[in-house]
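Shown next, in structure tokens, is the structure this report addresses.
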Amino acid sequence: YPKPVTIEGTKKILHQMETSICKIHKKNGQKGTGFFVEISYDKIIIPVMITNYHILDEDYLKKNEEIKISLNDDTIIKTIKLNEKRRIYSNRKFDTTIIEIKPEKDNIKDFMELDDNIFKEDSNILYNRQSIYIIHYEKGEKAKVSYAIMQNDKEEYNIIHFGCTELGSSGSPIVNLENNKIIGI
């Protein structure tokens, strides 16, 4: 079973739910989840939103000038305009889309942290049996938290867990319960 959560840990998770996890609203009515982090690239810190490629793929990004997102169970609705010279990275193989955020323009202030080991080749082995949580917008409804134990997978980039996640959870951060840092998507 996942480890128990302290009051401080619960407060941190609630803050992340309200400020750093977003629901993505696609024009066709589909919904997914995304999250905000700061990544380092060429010694520059870049604020980004990350989701799955199958939520926001290259075709969708080319055909649409903006993305609608909501925070804090739809109390805050934002529009991210894609034509503002944003860096965008999409990769089908890793099922990942990363979109640069303009904190002042997009009014995004809080970012989650990536675990330092996330990009190591043997990260699946390092995270095996870790207690994790996943903040997600299951079925496009209100934000939920699922707790689980991460399982080791022999394939390089797959993460296996048995947390309760359903349609709409794609793009959610998988977070190490011990340090509240992201270890996967």
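The values are calculated or read from the model by the stated rules, or taken from the named source; none is laboratory data. Since we're looking at a predicted model, the values are computed, not measured. Note: ideal-geometry Cβ built from the backbone for every residue, glycine included; neighbour counts use all protein chains shown. Side chains are part of the model used for accessible areas, which takes the heavy atoms of the whole protein and leaves out ligands, DNA and RNA. Shrake-Rupley method; radii C 1.70, N 1.55, O 1.52, S 1.80 Å.
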(request) Past 20 Å, Cα to Cα, is the threshold; run Lys63/Lys144; Lys26/Lys78; Lys81/Lys109; Lys63/Lys142; Lys11/Lys31; Lys85/Lys139 against it and keep the listed order. (result) Lys63/Lys144; Lys63/Lys142; Lys11/Lys31; Lys85/Lys139
(request) For the chain, report the accessible area per residue in Å² (1.4 Å probe, heavy atoms, rounded to an integer). (result) 57
(request) Any chance you could look up the accessible area of Met112 with a 1.4 Å probe, heavy atoms only, rounded to 10 Å²? (result) 10
(request) Starting from the eigenvalues of the Cα gyration tensor, five times each then square-rooted, give me the equivalent ellipsoid semi-axes of the range 1-138, largest first, whole Å. (result) 25, 19, 16
(request) Treating the angle as unsigned and between 0 and 90°, give the value, to the nearest 10°, between the Cα long axis of helix 7-19 and the longest Cα principal axis of the chain. (result) 20
(request) Provide the FRET efficiency to the nearest 0.05 for the Arg92-Lys43 pair, computing r from the beta carbons and using R0 = 22 Å. (result) 0.20
(message) Only sites in a loop by DSSP and with at most 10 other Cβ atoms within 10 Å count here; which trypsin sites (Lys or Arg not before Pro) in the range 2-81 make the cut?
(response) Lys43
(request) With a point put 7 Å past each Cα toward its Cβ, work out how far Lys105 is from Glu8 in nm, to one decimal. (result) 3.8
(request) Would you calculate the separation in nanometres between label points at Lys81 and Ile118, each defined as 7 Å from the Cα along the Cα-to-beta-carbon direction? (result) 2.8
(request) Could you please state how large a percent of the accessible area of the chain is carbon and sulfur, counting protein chains only and using a 1.4 Å probe? (result) 50
(message) Ranking request for peptides 169-179, 133-143: highest mean number of other beta-carbon atoms within 10 Å first, then the rest in descending order.
(response) 169-179, 133-143
(request) May I ask you to derive the relative contact order of the chain, considering only C-alpha pairs under 8 Å and at least 6 residues apart, and to give it as an integer percent? (result) 24
